[in-house]
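Following: one structure in structure tokens, then a few remarks.
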Amino acid sequence: MAAKKAESKSEAKPVLLSGGNPQIVKGDCDAPVQAYIAAMPGWKRDVGRHLDALITRSVPGVRKAVKWNSSFYGTENEGGWFLSFHCFARYVKVTFFRGTSLRPLPSGESKHKDVRYSTKLSLPLG
């Protein structure tokens, strides 16, 4: 009986929180990030896949995690996370933790001095 409960729980569809953001169990590796992306609704899933592929291709040895129902990307060398994304009703918000060092500067301001956000993405779809 316990095995059936565990099976059904692991096969259960993730809950979508406000704005369609997937509620995924936190974890420190690629698997929870892939589960988060797979649970992103509609067109947002394609955005998540493209972001993940772009980051993985561009940052050798990237570290991945899901925390606070968002995907996180970082490196050991740089001392932490550099990017995160999160679903909202009409957009996917990308957080650049050292965004003030980027050019062009991401448009969204934060109460944290180095953090910038972007909600208007132009991603290659090929």
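Throughout, read-outs are computed from the coordinates displayed, never taken from laboratory work. What you are looking at is a predicted structure, and each value in this text was computed from that prediction instead of being measured. Cβ placement follows ideal geometry from the backbone for every residue including glycine, while neighbour counts extend to all protein chains displayed.
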How far, in nm, would the chain grow between residue 111 and residue 53 when pulled straight, counting 0.36 nm per residue and subtracting the alpha carbon separation?
-> 18.0 nm
What FRET efficiency comes out for the pair residue 46/residue 67, r = Cβ-Cβ distance, R0 = 22 Å, nearest 0.05?
-> 0.45
The answer for chymotrypsin sites (Phe, Trp or Tyr not before Pro) in the stretch 20-104 that fall in a DSSP coil and have at most 13 neighbouring Cβ atoms within 10 Å is 68, 88
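Looking at the stretch 20-126, which trypsin sites (Lys or Arg not before Pro) are DSSP coil and have at most 13 other C-beta atoms within 10 Å of their C-beta? Show your work: numbers first, answer last.
Values: sites: 26, 44, 45, 49, 57, 63, 64, 67, 90, 93, 98, 111, 113, 116, 120; in loops: 26, 90, 98, 111, 113, 120.
Sites meeting the loop and neighbour criteria: 26, 90, 111, 113, 120.
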